[in-house]
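Here's the structure we're looking at; comments come further down.
The values are calculated or read from the model by the stated rules, or taken from the named source; none is laboratory data. Just so we're clear, the structure is a prediction, and the values are computed from it rather than from any experiment. All Cβ positions, glycine included, derive from the backbone under ideal geometry; neighbour counts span all protein chains shown.
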Amino acid sequence: MSPSNIDLPQGTLDLLILRTLSLGPQHGWAISERVQQISSDVLRIQQGSLYPALHRLERRGWIKARWGTSENNRRARYYELTRAGRKQLEVETDAWRKLAAAVAQILESA
Amino acid sequence: MFTDLLYRLRSLVRRRVVESELNDELRFHFDSEIDKYICQGIPREEALRRARLAFGGHEQIKEDCREAHGTSFVETSLQDLRYALRQLRSNPGFATVIILTLALSIGANSAIFSVISSVLLKSLPYPHSGRIVRIFLTSSIYPRFPLNPFDFRDFRARSESFDSFAIYTRGDMQLSGTSTEPVRLYGFQITSGFFRVLGLRPQLGREFDRSAELPGNGRQVILSDRLWRSRFAANPHIIGTKITLNAQPFTVVGVMPPGTEHPGNDYHSLAYGDDVDLWSPFTFQGNPNQRGSHYTEGIARLKDGVTPGQAQSELNAIMAGLGREYTNDANWQLLVVPLYREIVGASQRMLFVLLGAVGMVLLIACANAANLLLARATTRQRELAVRLALGASRSRLVRQLLIESLLIAFIGGALGLAMATAGVKALVTLLPADFPRAHEIHVSAPVFAFTFLVSAATGILFGLIPAIQASRTDPRRGLHEGGRTATGSGRLSRLRNALVISEVSLACVLLIGAGLMLRSLLNLVHLDPGFREEHLLTATVALPNPEYNSIEQAEHFYETLSANLAAVPGVEFAGTGSDLPWTGYDENTSLNIEGKQPAPGDEFHARYHVASPDYFRALGIPLLHGRFFTAADKSSAPLVLIVNRAMAEKYWGTDDVIGRRVTWDDHPKEKDWFRIVGVVGDVKDKPSSPGAEPAFWWSSLQQPFAFLAESLVIRSTTGQQTLADAVREQVHRLDPALAVADVQWMDEIVYGSVATPRFAFILVGLFAGLAIILAAIGTYGVISYSVSRRTSEFGLRVALGAQRLDVIRLVLSQAARLILAGTAIGLVLALALAQVLKNLIYNVSPADPLTFVSVGLMVVVVAVLACYIPALKATRANPMIALRAE
């Protein structure tokens, strides 16, 4: 683990997963790789939290899973956003932006 | 929400598939991770190590994913359930005792609840039955009195409170002309709105209309479904045909559907139920200005939103108006009572007492179960301590123990329901014949729900304390204490003692209840009824046919019949009279007494009867003064009267009143006076009434008006069963067109008259028996547990020279403290609760010292006996083994 990565704040994991899946269906491993890549290795999702989160999102009906074939020709479980999930992503993105802006404002003014 | 449920359901139902999918998914991730490292040029061994490191605990992730499925509660509960089943199987003795006692008590509760749910909770089988009311007259002398028909007609015309208002009166009829012997049928005469009041419609034909109430139009009849099927082969074209009733042709205008329940009535009463065979129109005859005769009963359907109280005030206002027009109508008030209360009101208290009694049995069973569980929890402390030490949460332990107790309770509940189903059938056969709605009682859906709830509540009630107690186990101490015997913790033993005390005291309460009821029942059974019921056959014969139109003709028939019956071998006396004791007969009249004036607002009144010369001899009613009637007391002879002792004492203050005179005429001439020639002993009005009301008898040959039917009383020497056939034969020899009804031995009537107190006693007695057994088991359990814990102490004592008796005394004195405390509390509690029984017991004080003392002694003896076995065991404590066990 690189010393530069930080713990994910509560609730952000769902947002990251939803955002990653908004680009297209992915399996679990790819999701964690993609997040790590895009965040330039700063954010790293622990598998221990990734899979329970995926199952929870699936239970809520925001994503759905189906079995597909991976790039290296293996059976993998692909997740994709549902309509409800897309809506949820908008809501959460919006909420996150507001939160980030507010936090930034406070940090700068202080 | 819905997808969520579906998802959880799939995870639960297709658990294996979901598990293997999860496995594959995680495997894929793991492999991809390794591939990545290998691509980066890391050697395979190292890649494997790094992947494992990054992955964390494989099982932990799976567990978290399962958690995310939202099914873990159910799954772990299922685990607990399997575990609980194993626990029960591993300890079958414990399981059997606890499940059986619970099954018995839950079953008893369900059975009593079946009765309550069918009798009290289910609405009556009439649409909007809450709006149906019964209407009576009331005065200071007669709290509930039938209506005069002409008064009714005025009420019907002037009142605004009712959708429909009707009167009805008993009108049994004799059916002949069908293939079999003539039969007496239960019938009622009804006015036009009767079935509209009940909300019922004929399945064929129509209800009577107003024109049927006119004199001359009364020869119409509506049949019950049963009569239509049994006597007329369910003939679909029966409407308009004529049938022979009371030797007259009646036109069938309707057939009621099955389940047409008679709403019950007071005057010539027939209990609520489907016993009525036919209905004929009530016709208004006689002078509408004469309103002294009261023999019809009111029933009405209130308009929506009108209360019985409002209807009563309206009728009272109308009655006040009528009172100014007709002298007979002064001084009467109206009484409007909801039909529901009329039908089930009397049995309500008894049923609630029974429910209270079974409720107590259940509480005792709960205390018992809690006690057994507590004892076992102590021996399981080690197991619980290990689980706690291995990281089980306390809430999980409580849950697991609760699931165990719930499992026990539900097994008990299921068994109990099976017992209740059988028990309810037995219960219904035990019920008094006139018990309302008895045929509607069965185990129904509400009973299932009740049993389920009671089982769940029971399981939580007896499981919660032991479970919380067990979860308090300190892992260190638990492991330690489990390793060697030690005395149980103080708090725990105090709790167990409290449970035993409450078991004993509740059992005490129930036994006292049963004891009071037994005393009351014995009082009723051993009561001198005022007549001799053994070997006494009774029957009813009505003479509806035209050849008996005059009183002379009718009495000639009864006289001949009595003489013929008296000649039958084995018959001592045969007589006839207006009625039999204890069959609900209650005909009253006011009267004038020579030389006396009634107090203002009061009047002389008495119940009237008719008797033939041998009526009293056959019934075994003793003659106190004067003489019985003779064949010479006919209409041409001086008018005579026999009175009972109650009447003599009430109006003359002495029982020797021979020669005193009374009359019914307000301006009597010399010939209108009736001279008292005999005084007979009192016959209690009902088996449980404190005494007799004033009553008198006319000589049957001097009766002022004819009775619908007369009762036969035949005293025989042996009570031979063939006598019933002989009676039918004698009647038919005189007239084959007559029906003989109500053939019954008087001792059966007497037996039936105490059916309600007997029913209550049998049930409360059963419950009390169960209670004392449970309490004995509970006491035995606690004492033998404490003995087993103190084995080493007893061993030491024996080693130091204690005698057997000393050890027994030691154990028993510990037990005695609990038992005496329980008994004392029980007696005090019973003293308070027995007041509830006041109206249910006869001639026994609710604080009857005999019952209290004997029950107290009995409880102490039984409980001490229960402790005797563990005490004996204590004396056998072998000092060597006891010390080695340390």
For region B:138-155, which residues satisfy the criterion of being outside any strand (DSSP E or B) and either crowded, with 19+ Cβ neighbours inside 10 Å or on the phi > 0 side of the Ramachandran plot (or both)? B:P146, B:N148, B:P149, B:F150, B:D151, B:F152, B:D154, B:F155
Within region B:537-631, considering only strands (runs of 3 or more DSSP E) that don't extend past its boundaries, which have at least 2 residues that are in the same structural domain as B:K671 (by TED's automatic domain parsing) and closer than 18 Å to B:P694 by Cα? B:588-590, B:605-611, B:623-626
Any hit, region B:235-256, residues being out of contact with any strand residue (DSSP E or B) (no Cβ under 7 Å at 6 or more places or on another chain), surrounded by fewer than 14 Cβ atoms within 10 Å (Cβ to Cβ) and assigned to a loop (DSSP other than H, G, I, E, B): yes
Here is a list: B:E67, B:E46, B:E59, B:E63. Which entry is in contact with a Pro (Cβ under 7 Å, 6 or more places away or on another chain), farther than 20 Å from A:T69 by Cα and not polar (S, T, N, Q)? B:E67
Go through A:E33, A:E58 for me and flag whichever is within 11 Å of chain B (Cβ to nearest Cβ), within 19 Å of B:N23 (Cβ to Cβ) and assigned to a helix (DSSP H, G or I). A:E58
Please tell me if B:D80 is acidic (D, E), in contact (Cβ under 8 Å) with a residue 60 or more places away in the chain and not assigned by TED's automatic domain parsing to the domain that holds B:P432. yes
Odd one out for B:I141 among (1) modelled with pLDDT of 90 or more; (2) over 19 Å from B:G412 (Cβ atoms); (3) not assigned by TED's automatic domain parsing to the domain that holds B:F232: (1)
Quickly run through region A:7-29 and pick out the residues that are in a helix (DSSP H, G or I) and more than 8 Å from every other protein chain (Cβ to nearest Cβ). A:T12, A:L13, A:D14, A:L15, A:L16, A:I17, A:L18, A:R19, A:T20, A:L21
Would you confirm whether or not region B:166-189 contains a residue that is surrounded by fewer than 19 Cβ atoms within 10 Å (Cβ to Cβ) and assigned to a helix (DSSP H, G or I)? no
Would you check if A:L81 is surrounded by 13 or more Cβ atoms within 10 Å (Cβ to Cβ) and either over 21 Å from B:H58 (Cα atoms) or within 12 Å of chain B (Cβ to nearest Cβ) (or both)? yes
So, in region B:11-23, of the ones that are more than 11 Å from every other protein chain (Cβ to nearest Cβ) and of a type in the set (V, I, T), which residue ends up nearest to A:S32 (Cα to Cα)? B:V17
Qualifying positions in region B:298-340 - touching a Lys or Arg at 6+ places or on another chain (Cβ under 9 Å) and closer than 22 Å to B:A271 by Cβ: B:G298, B:I299, B:A300, B:R301, B:L335, B:V336, B:V337, B:P338, B:L339
Conditions (1) over 24 Å from A:S70 (Cα atoms); (2) out of contact with any Lys or Arg (no Cβ under 8 Å at 6 or more places or on another chain); (3) at the interface with chain A (Cβ under 8 Å from one of its Cβ atoms) -> B:R8 fails only (2)
In this structure, does B:V361 turn out to be in a helix (DSSP H, G or I), more than 25 Å from B:L88 (Cβ to Cβ) and in contact (Cβ under 8 Å) with a residue 24 or more places away in the chain? no
What residue, of B:L518, B:L511, B:L506, is modelled with pLDDT of 75 or more, over 23 Å from B:I403 (Cβ atoms) and surrounded by fewer than 23 Cβ atoms within 10 Å (Cβ to Cβ)? B:L518
In region B:721-733, which residues are surrounded by 15 or more Cβ atoms within 10 Å (Cβ to Cβ) and either of a type outside the set (D, E, K, R) or over 25 Å from B:M173 (Cα atoms) (or both)? B:L723, B:A724, B:A726, B:V727, B:Q730, B:V731, B:H732
Does B:V358 fit the bill of being β-branched (V, I, T) and closer than 30 Å to B:L495 by Cβ? yes
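Residue-by-condition table, conditions (1) in contact with a strand residue (DSSP E or B) (Cβ under 9 Å, 6 or more places away or on another chain); (2) part of a strand (DSSP E or B); (3) touching a residue at least 12 places away in the same chain (Cβ under 8 Å):
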position: B:D656; (1), (2), (3): yes, no, yes
position: B:D665; (1), (2), (3): yes, no, yes
position: B:P668; (1), (2), (3): yes, no, yes
position: B:K671; (1), (2), (3): no, no, yes
position: B:I676; (1), (2), (3): yes, yes, yes
position: B:D682; (1), (2), (3): yes, no, yes
position: B:S689; (1), (2), (3): no, no, no
position: B:W698; (1), (2), (3): yes, yes, yes
position: B:E710; (1), (2), (3): yes, yes, yes
For region B:785-886, list the helices (runs of 4 or more DSSP H) that sit wholly inside it and hold at least 1 residues that are modelled with pLDDT of 85 or more and not assigned by TED's automatic domain parsing to the domain that holds B:I772; which are they? none
Taking into account only those residues within region B:526-553 that are surrounded by 19 or more Cβ atoms within 10 Å (Cβ to Cβ) and among the hydrophobic types (A, V, I, L, M, F, W, C), which is farthest from B:V680 (Cα to Cα)? B:L543
Members of region A:36-55 that are touching a residue at least 12 places away in the same chain (Cβ under 8 Å) and facing chain B (nearest Cβ under 7 Å): A:Q47, A:Y51
B:I135 fails exactly one of (1) part of a loop (DSSP other than H, G, I, E, B); (2) surrounded by 16 or more Cβ atoms within 10 Å (Cβ to Cβ); (3) among the hydrophobic types (A, V, I, L, M, F, W, C), namely (1)
Checked against (1) on the phi > 0 side of the Ramachandran plot; (2) facing chain B (nearest Cβ under 8 Å), A:N73 satisfies every condition except (2)
State whether one or more residues within region B:186-203 are over 24 Å from B:Q285 (Cβ atoms), in contact with a Gly (Cβ under 7 Å, 6 or more places away or on another chain) and at pLDDT 95 or above. yes
Being in a loop (DSSP other than H, G, I, E, B), among the charged types (D, E, K, R) and at negative phi is the requirement here; does B:E297 meet it? no
Which of the helices (runs of 4 or more DSSP H) contained wholly in region B:24-106 include at least 2 residues that are more than 30 Å from B:A420 (Cβ to Cβ), of a type outside the set (K, R) and away from chain A (no Cβ under 13 Å)? B:44-55, B:72-90
